[in-house]
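A short reminder: the numbers here are calculations on the coordinates, not readings from a lab. Note that the structure is a prediction, hence the values are computed from the model and not measured. Backbone-built Cβ (ideal geometry, glycine too); neighbour counts: all protein chains shown.
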Amino acid sequence: MATTAPNPKIKAFEDKVSSQMQDAKAKLDQFEAKAKDKRAQAQITAINNLKATHEHISKKVQDLKTTHATNIARAKADINEAVEEFKSAMSKIKTVGD
């Protein structure tokens, strides 16, 4: 059974992750623009992979709204892990000319 009333803790978690993902998307867009200007295919491929990961994390956050209460802690842990892996991958991206 899915939770129906908005849980303030879930909403706060969702807002935090959504904010991080918005910041990351802005950085990805900047990286992509620089890489395209330099025609750096390896960076463009890495950026496209990160965009797919970004979408996957965003979907997990959306799915959290319908997650059963007994599974919320695990879902949040999975999201946090995915966000940390995403941040790590983001920090490894080097754009051409940087």
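Tabulated data for the structure shown
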item	result
Filtered residues of segment 22-69 (kept if surrounded by fewer than 17 Cβ atoms within 10 Å (Cβ to Cβ) and not in a helix (DSSP H, G or I))	K38, R39, K65, T66, H68
Positions within segment 38-47 being farther than 20 Å from E81 by Cα, touching a residue at least 12 places away in the same chain (Cβ under 8 Å) and out of contact with any Lys or Arg (no Cβ under 7 Å at 6 or more places or on another chain), in sequence order	K38, A40, Q43
Within segment 70-86, considering residues that are over 9 Å from the mean Cα position of the chain (by Cα) and not charged (D, E, K, R), the one surrounded by the fewest Cβ atoms within 10 Å (Cβ to Cβ)	T70
Single residue of segment 54-69 satisfying the filter (charged (D, E, K, R) and farther than 14 Å from K16 by Cα) that is nearest to the chain's Cα centre (by Cα)	E55
Residues of segment 87-97 satisfying the condition of being among the hydroxyl-bearing types (S, T, Y) and surrounded by 15 or more Cβ atoms within 10 Å (Cβ to Cβ)	T95
